[in-house]
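These notes are about the structure you will find just below.
The values are calculated or read from the model by the stated rules, or taken from the named source; none is laboratory data. Computed from a predicted model, the values in this text were never measured in an experiment. Here the Cβ positions follow ideal geometry from the backbone for every residue, glycine too, while neighbour counts run over all protein chains shown.
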Amino acid sequence: MFESLIQTIAIAALPVIFAITLHEAAHGYAARHFGDPTAWQQGRISLNPLRHIDMVGTIIIPIAILLFSGGTFLFGYAKPVPVDFSRMRNPKQDMLWVAAAGPAANLFMAFCWAFMLKLAWLMPGNDFTVPLSEMSKIGIIVNCVLMVLNMLPLPPLDGGRIAVSLLPHSLAWKFAKIEPWGFPILLLLMFTGILGTIMSPLVVLAARAIESIFGLY
């Protein structure tokens, strides 16, 4: 059992690290595009995962959750990319695109891993294709999980920021006040099982849709 989990961690490491860190990098790229150079000035606009890894959120917590859940659940985070919405040309409108960039990056990576899985299936069987296949499967699921999780309409998740961007000013500032309580609410939903109930069908739907595009049956 323990050996199996170690193998799972070894195979999952690369997809998980890229899924978490490139999500944050995408926010930085989008923010710079819309006029906020904060992340760029701090050297956080980079595809190098080392610039975004948080030792606790990117390494320790995902491994601990993977171990304690028997390899059935995964959660983690990277260093948040600094974004100063006041420096953008149209802060309220641009907030939507900056927030959406993270989940969009996860969707793109899920497609990339689906392509890699298809490639592994088409290649002649060898010692390389099996690990690549398993890594690709994890990559699809991990990115679908992060995409769905971050699209939940709860500040400070990306879905919450998108909701703030779309709501009228009179409601947006009231909804934004939830942000300090967002993470505790998320943990409560996770430990009570409500989060899993909400996310599971959406993650399965997203993964199946991507797999169907590539003919992965």
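The table that follows gives values for the structure above.
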{"item": "Residue ID - surrounded by the most Cβ atoms within 10 Å (Cβ to Cβ), chosen from residues in the range 208-217 that are touching a residue at least 24 places away in the same chain (Cβ under 8 Å) and of a type outside the set (D, E, K, R)", "result": "I210"}
{"item": "L117 in a helix (DSSP H, G or I), surrounded by 14 or more Cβ atoms within 10 Å (Cβ to Cβ), in contact (Cβ under 8 Å) with a residue 24 or more places away in the chain and more than 17 Å from the chain's Cα centre (by Cα)", "result": "yes"}
{"item": "Hits in the range 3-53 (condition: of a type in the set (K, R), in a helix (DSSP H, G or I) and at pLDDT below 90)", "result": "R51"}
{"item": "Scan of the range 165-207 for residues that are part of a loop (DSSP other than H, G, I, E, B) and either touching a helix residue (DSSP H, G or I) at 6+ places or on another chain (Cβ under 9 Å) or surrounded by 13 or more Cβ atoms within 10 Å (Cβ to Cβ) (or both), ordered by number", "result": "L167, I178"}
{"item": "Filtered residues of the range 19-53 (kept if β-branched (V, I, T) and farther than 18 Å from N106 by Cβ)", "result": "T38"}
